Amino acid sequence: MFRGLRAALIVIICIGGIAVLGSYVYGYLTHPEIAWDIWGGVPQSLRPVYTVSMFGAAIGFFPFTLFILLRVDPARFRFRGGLGYGVFPVLYALVLGASTAWMPLTYAMLESPTAALWTAILIVLGIVAVGSLGILYGLLRIRHREPVWWYRLAVLGCVLFCWQTVVLDAIVWTYYFPV
């Protein structure tokens, strides 16, 4: 059973990761005339923070994901309320699925803005934020944290990921986006 959970998580990460990257590439290739408009109204002064943070979040994804896959014992892990390791595939599916939807929704919003599109964007960014925080919460609930250096790197990577998805994307970007 637990091997199946790890296998499911690997499949979700592989398919979801390809889908997220594919949505970005497709968006840029099919909308070259408005590719830079996805920044919305984020001031030029904040864009370097985003650039550094995006790389930090992308790099940080690997240590926390690998720690969850390779070091967390699915038979012994528990979230509050008795939920087990099976929550991780759900959280990753939420993060990656909603992340895949963000780029197409944003380009659609730039081309023909509607309240429904803006609501959809807010929902997908909220889902990504909640899923990211759920993964961080799960990491913090892990009792067996060996090797310690890897665990600390995993938590740092997840904090960087949450900084990007929760603060910069779900809060700052939506604040500045011209609705």
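Each reported figure results from applying straightforward, stated rules to the coordinates on display, with no laboratory input. Everything quoted here is computed from the prediction, not taken from an experiment. Neighbour counts are summed over all protein chains in view; Cβ atoms, including those assigned to glycine, are modelled from backbone coordinates with ideal geometry.
Helix 2-30 and the longest principal axis of the Cα set of the chain meet at an angle near 10°. Here Leu46 and Ala7 are evaluated by their C-beta separation; at R0 = 30 Å the FRET efficiency comes out at 0.15. Measure nothing but the geometry: give the 0 to 90° angle between the long axis through the Cα atoms of 115-141 and the longest principal axis through the Cα atoms of the chain, rounded to 10°. For 115-141 against the chain, the angle is about 20 degrees. Each Cα pair under 8 Å and six or more residues apart adds its separation to the average, and for the chain the resulting relative contact order is 36 percent.
In nm, what is the difference between 0.36 nm times the number of residues separating Met54 and Tyr175 and their Cα-Cα distance? List each step's numbers first, then the result.
Details: separation 121, 0.36 × 121 = 43.56 nm, distance 1.81 nm.
Extra length from Met54 to Tyr175 when fully extended: 41.7 nm.
In degrees, nearest 10, range 0 to 90: what is the angle between the Cα axis of helix 47-70 and the longest Cα principal axis of the chain? Orientation of helix 47-70: about 30 degrees from the principal axis. Evaluate E = 1/(1 + (r/R0)^6) for Thr114 and Leu70, where r is the Cβ-Cβ distance and R0 equals 35 Å; express this FRET efficiency to the nearest 0.05. E(calc), rounded to 0.05, equals 0.20. Put a dot 7 Å past the Cα of Arg80, heading toward its Cβ, do the same for Thr30, and the two dots end up 4.1 nm apart.
Roughly how many debye, to the nearest 20, is the charge dipole of the range 1-154 about its Cα centre, given +1 on each Lys and Arg Cβ, -1 on each Asp and Glu Cβ, and no other charges?
On the way: 11 positive and 5 negative charges, 205 e Å.
Computed charge dipole of the range 1-154: roughly 980 debye.
Note on the range 29-85: dipole from Cβ charges, positive end direction compared against Gly60, Gln44, Phe79; the farthest Cα belongs to Phe79.
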